[in-house]
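What follows is a set of notes on a single structure, which appears directly below.
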2 protein chains.
Amino acid sequence: MVGVEGPHLVEAALEANLRIEAILVSTSGQRHLDVLRSLVPDGTRLLRTSESLFEKVAATETPQGIAALVHRREWTFEDLARGTPLIVILAGLQDPGNVGTIIRAAEGLGASGVVTCAAPPRPGFESVGTSNPLAPKALRASAGAALRIPLLHGAQSSALLLQLRMTKIQTLAACPAESPSSANRGNPAESLPALHKPWEVDWTVPSAIWIGNEGAGLPLEIVRSADGRVTIPHATTGPSAMESLNAGAAAAVLLYEAARQRGILA
Amino acid sequence: MVGVEGPHLVEAALEANLRIEAILVSTSGQRHLDVLRSLVPDGTRLLRTSESLFEKVAATETPQGIAALVHRREWTFEDLARGTPLIVILAGLQDPGNVGTIIRAAEGLGASGVVTCAAPPRPGFESVGTSNPLAPKALRASAGAALRIPLLHGAQSSALLLQLRMTKIQTLAACPAESPSSANRGNPAESLPALHKPWEVDWTVPSAIWIGNEGAGLPLEIVRSADGRVTIPHATTGPSAMESLNAGAAAAVLLYEAARQRGILA
């Protein structure tokens, strides 16, 4: 069950035909309910509350007097892998705003689905646990996309790796651009998958893109398992000391490149 | 004068050779100062504070015991317009996180500078006022880029329009993708600049891109004044009811397309 708050998200839940457990409305929220009335299925439970009670249960700072308790849709890996899939896998993202931004971009740029990884106590995979995409802040940042796009929440990354291999989906690991200093670090004998610029990747085949933690990136185990690494290089005109893009912006750029190649931007 | 807080931003200010008025350090911040010591110019004023006093002046929730008061660099329009400029103009962005994210992307993807507009009391331009890019939250979201990239803060949009015209810089207005319903709205006789997809724009000429408010977009006056409109279309595979990207992600996509065409991503 997911709590969605505010007229925009309640509207998104209604339009997505999610099963509604109840709609909670305060006096000030009545006007929003009036607008949405035609979308509310007959027989939906309406719970009327006082303003002060609503404010106590609200997760937002400026509650707008309307919320709904909805049943999330259950998706399977097959739902995400339909057609020529482009699956976004979030492994280790801590910031709910980034998680929501990426889900919004995934929907808008035509990805087939999003997976968020759970954190299992297995060596090499400890750091893949990702912020809940249906928690209030992530849901708001997604502008409701998390209620619509096929979404697997809390997947085991080891099982996921196996499914991707079995379904012959090309896997790419999003990696930060290497600065001249970091390029010399690490074991030079260690072989990592080939590093590509976004436009060098063939995104027209079934693909999945792993996006890692804002600071630490992806676990080495996952990078090693990928068919290729993809990086958005630094502009040669600027300083290259820092990550040039935050996780949400970087994901949007990669998804744009994929959508452009696929010719699905109308 | 700008207050920068935390070891990363203090380091960014030192590396950018900004003039330091003072460095504020608490007992717990001493270890950060030790690391940065070689970057601190001789004769820099060090103010030692107690932990509790530092926490009172800190803008962050988990202060790290080090901050600096620095003189911001004064930039002119000419600094931003050097070479083949790509200028990002923020007009009406309210969210400091978006402002910082865009400045970070502008630096990383090789834009020549960023302008943030002030809000003048002039009809048609009321809504261009933009969140302060050097305020704590925006500065953090920029990962320090706001201390390095040529930045005009609080520009008058009318004067800016004139400068862009005089310097023959192509101006583009970033516009949301039109949903089928909104496309029919408005006065059909009204002529707006031609609408382009990102890859249809020639970004290799001197260019400036206007980015508007997260919800309301750009004022019509500014859209009308532009040489062209540019939009990131919705994927044809998904719902088109909502804005597909947030302002930060959309700006990153446009800057990536420009950088790709310019061949400056190493």
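Descriptive notes on the structure:
Quick grid of which residues meet (1) at pLDDT 95 or above; (2) assigned by TED's automatic domain parsing to the domain that holds B:Leu220; (3) surrounded by fewer than 24 Cβ atoms within 10 Å (Cβ to Cβ):
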position	(1), (2), (3)
B:Gly92	no, yes, no
B:Arg104	yes, yes, no
B:Ser112	yes, yes, yes
B:Val115	yes, yes, no
B:Pro121	no, yes, yes
B:Ser131	no, yes, yes
B:Ala138	yes, yes, no
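- For the stretch A:237-260, the candidate set comprises residues that are among the hydroxyl-bearing types (Ser, Thr, Tyr) and more than 20 Å from A:Ile87 (Cβ to Cβ); within that set, the residue that is modelled with the highest pLDDT is A:Ser244.
Yes/no matrix, rows are residues, columns are (1) among the hydrophobic types (A, V, I, L, M, F, W, C); (2) in a strand (DSSP E or B); (3) within 12 Å of another protein chain (Cβ to nearest Cβ); (4) touching a Phe, Trp or Tyr at 6+ places or on another chain (Cβ under 6 Å):
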| site | (1), (2), (3), (4) |
| --- | --- |
| A:Val99 | yes, no, no, no |
| A:Ala111 | yes, no, yes, no |
| A:Val115 | yes, yes, no, no |
| A:Ser131 | no, no, no, no |
| A:Ala143 | yes, no, yes, no |
| A:His153 | no, yes, no, no |
| A:Leu161 | yes, no, no, no |
| A:Leu172 | yes, yes, no, no |
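- Residue match in the stretch A:104-117 (condition: under 17 Å from B:Ala235 (Cβ atoms) and among the charged types (D, E, K, R)): yes
- Considering B:Ala235, B:Ala251, the condition of being free of Cβ contacts under 8 Å to residues at least 24 places away in the same chain, closer than 26 Å to A:Ser112 by Cα and facing chain A (nearest Cβ under 10 Å) is satisfied by B:Ala235 alone.
- Residue within the stretch A:172-193 that is exposed (fewer than 15 other Cβ atoms within 10 Å of the Cβ) and either modelled with pLDDT of 95 or more or on the phi > 0 side of the Ramachandran plot (or both) present: yes
- Any chance A:Phe54 is more than 30 Å from A:Gln261 (Cβ to Cβ) and of a type in the set (Phe, Trp, Tyr): yes
- The C-beta contact set for the stretch A:16-43 (first residue without any contact (Cβ under 8 Å) to a residue 24 or more places away in the chain and at positive phi, second residue assigned to a helix (DSSP H, G or I) and not small (Gly, Ala, Ser), distance under 9 angstrom, 6+ apart or interchain) is empty.
- Qualifying residue in the stretch A:12-34 (condition: polar (S, T, N, Q), closer than 30 Å to A:Ala208 by Cβ and not assigned by TED's automatic domain parsing to the domain that holds A:Gly108): yes
- Test for B:Glu51: is it over 28 Å from B:Asp202 (Cα atoms), in contact with a strand residue (DSSP E or B) (Cβ under 8 Å, 6 or more places away or on another chain) and not assigned by TED's automatic domain parsing to the domain that holds B:Leu164: yes
- Test: B:Thr204 is in a loop (DSSP other than H, G, I, E, B), among the β-branched types (Val, Ile, Thr) and at pLDDT below 95: no
- Which numbered condition A:Lys168 fails, given (1) on the phi > 0 side of the Ramachandran plot; (2) modelled with pLDDT of 95 or more; (3) not in a loop (DSSP other than H, G, I, E, B): (3)
- When the stretch B:1-30 is filtered for residues that are surrounded by fewer than 21 Cβ atoms within 10 Å (Cβ to Cβ), under 9 Å from B:Ile66 (Cα atoms) and in contact with a His (Cβ under 9 Å, 6 or more places away or on another chain), only B:Pro7 remains.
- Residue list for the stretch A:44-80, restricted to those being crowded, with 17+ Cβ neighbours inside 10 Å, part of a loop (DSSP other than H, G, I, E, B) and touching a helix residue (DSSP H, G or I) at 6+ places or on another chain (Cβ under 7 Å): A:Pro63, A:Gln64, A:Gly65
- Check on B:Leu33, under 28 Å from the mean Cα position of the chain (by Cα), among the hydrophobic types (A, V, I, L, M, F, W, C) and surrounded by 15 or more Cβ atoms within 10 Å (Cβ to Cβ): no
The values are calculated or read from the model by the stated rules, or taken from the named source; none is laboratory data. Because the structure is predicted, anything quoted here is derived from the model rather than measured. Quick reminder, even Gly has a Cβ in these numbers, built from the backbone with ideal geometry, and neighbours come from all protein chains shown.
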